[in-house]
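See below for the structure under consideration.
The values are calculated or read from the model by the stated rules, or taken from the named source; none is laboratory data. Please read all numbers here as calculations on a predicted model, not as lab measurements. Ideal geometry is used to build each Cβ from the backbone, glycine not excepted, and the neighbour counts take in all protein chains shown. The area values use the complete protein model at the heavy-atom level, side chains included, leaving out ligands, DNA and RNA. Shrake-Rupley method; radii C 1.70, N 1.55, O 1.52, S 1.80 Å.
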Amino acid sequence: MSHPTLAGAPFVATQHNALYLEGVKLADLAAQHGTPLFVYSKAAMLSALAAYQRGFAGRKARICYAMKANSSLGVLQVFAQAGCGFDIVSGGELERVIAAGGDPAQVIFSGVGKTRAEMRQALQAGIACFNVESDAELEVLSEVAHAMGLRAPVSIRVNPNVDAKTHPYISTGLKGNKFGVAHEQALQTYQRAAALPGLNVVGIDCHIGSQITEATPYLDAMDRVLDLVDAIEAAGIPIHHIDFGGGLGIDYNGDTPPAADALWAQLLAKLDARGYGQRQLMIEPGRSLVGNAGVCLTEVLYLKPGEQKNFCIVDAAMNDLPRPAMYEAFHQIVPLAPRIGDSVCYDVVGPICESGDWLGRDRQLVVQAGDVLAVLSTGAYCMAMASNYNTRGRAAEVLVDGTQAHVIRRRESTAEQMALESLVNA
Ligand code: LLP
């Protein structure tokens, strides 16, 4: 019996005309927990992590999972237990790391708008490094740390001005972006940082964008960053670690990003050639660790044939799966139990009152109301970006480990959504 796997969902396989994630039949999970339902494969996450670990064998490297991609506690726990550090962008994310059993000493804090309160919280927790994005932020961080009698470990995020060749909303390494300190200004910013009383310069970092599917932008960015390391160290400021950010893409629709170990073989060759091969390295991958580990199950509510378009209306919507509406992103959509018959071309849409509420356009499907569909490659930037728009409770989440299925988040009730609100008493 063959167990064909699906492109973009390496741990989803068909057996006896039914879709499985690892050893668990997805239709059983939909029946038991309802839909929409996110289901994640632990093996897929660990296998994605293993590709990075292989790539860094024999090197000094720390993998800090960019948890903005999926910050559910059960997912963080998998990476914490596997020895990962975390890349955070808020005080809330730091609290999640601690709640999931992660080590604050292996946390790096990114983002252009850290508040003083978040800085204090992170300093108290003893994080490894602040990735600072502006001169103004450096001054404030120094002040906050100094007042606490501490020196904040800092790395400055430099903007290498390279084109990551990805969607403009998720490209971050170009001059016109809000991120990082311009390459030309970076040396000056380092000199300023080195002179401030509340800072301890420990590294340099860059992140050029997300869903990058070629090695070239990384190689170009690396050259630009290493040029700066040369200049900064020549000015007498030692750089202990180099952080190359995240951004490696995944296969959504026949995309062919390099595998993490193949990419790093190329990048390490460049580091070696430039004499930096034994330096402490850091990376901040998000999507590439979780994106293809997740599927979202959704039930077909109605079929609505039309003159220009046929609509397949499902119970998941843009509040659960915001990527198509936000970036016109493509996710494969497959029935859990394929039917025999003539396929019809549908736009797969949700119940939300917006024309932008679509999950897939022009999809050939053989479906009936009541069927359950799997939206693939939804482990990253789906649940983490979910909202309560239209007073829709956020979906439940299940983590699959072999033949076991663990609920890691139950479905949100309306009472839970309203719990923070109050009526005005006359
Ligand atoms: N480091 C920094 C500083 C970042 O800003 C990001 C992502 C990452 C690491 C992780 O990047 P990744 O390895 O996941 O590509 N919501 C968008 C993606 C936004 C990415 C934001 N920054 C999407 O759904 O495509």
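Candidates are the residues of the stretch 310-361 that are over 25 Å from residue 293 (Cα atoms) and of a type in the set (S, T, N, Q); the one that is modelled with the lowest pLDDT is 355.
Where strands (runs of 3 or more DSSP E) fall wholly inside the stretch 12-119, the ranges with 1 or more residues that are over 27 Å from residue 136 (Cβ atoms) are 18-21, 37-41, 61-66.
Out of all the residues in the stretch 245-258, is one or more β-branched (Val, Ile, Thr), modelled with pLDDT of 95 or more and within 22 Å of residue 108 (Cα to Cα)? No, there is no match, as no residue in the stretch 245-258 is β-branched (Val, Ile, Thr), modelled with pLDDT of 95 or more and within 22 Å of residue 108 (Cα to Cα). What number of residues in the stretch 273-292 are more than 14 Å from the ligand (Cβ to nearest atom) and basic (Lys, Arg)? Residues in the stretch 273-292 being more than 14 Å from the ligand (Cβ to nearest atom) and basic (Lys, Arg): 2 in total. Per the listing 416, 421, the residue uniquely away from the ligand (no atom under 16 Å from the Cβ), in a loop (DSSP other than H, G, I, E, B), open to solvent by 60 Å² or more (accessible area, probe 1.4 Å) and modelled with pLDDT of 95 or more is 421. Can you name the residue in the stretch 366-394 that is in contact with a Ser or Thr (Cβ under 7 Å, 6 or more places away or on another chain) and not aliphatic (A, V, I, L, M) and, of all such residues, is least open to solvent (accessible area, probe 1.4 Å)? Once the filter is applied, the top-ranked residue is 393. Against the list (1) within 13 Å of the ligand (Cβ to nearest atom); (2) loosely packed, with under 15 Cβ neighbours inside 10 Å, the condition residue 207 fails is (2).
Taking the options 138, 150, name whichever one is under 25 Å from residue 226 (Cβ atoms) and more than 16 Å from the ligand (Cβ to nearest atom).
On the way: 150 fails: under 25 Å from residue 226 (Cβ atoms).
The conditions single out 138.
Filtered by the rule that a residue be within 10 Å of the ligand (Cβ to nearest atom) and either part of a loop (DSSP other than H, G, I, E, B) or at pLDDT below 95 (or both), the stretch 379-396 gives 380, 381, 382. Residue pairs whose Cβ atoms lie under 6 Å apart, sitting 6 or more positions apart in sequence or on different chains, and linking a residue in the stretch 78-94 that is under 12 Å from residue 127 (Cβ atoms) and in contact (Cβ under 8 Å) with a residue 40 or more places away in the chain to a partner that is open to solvent by 30 Å² or more (accessible area, probe 1.4 Å) and within 16 Å of the ligand (Cβ to nearest atom), are 85/62; 85/106. Screening residue 85 against (1) open to solvent by less than 40 Å² (accessible area, probe 1.4 Å); (2) more than 16 Å from the ligand (Cβ to nearest atom) leaves a single unmet condition, (2).
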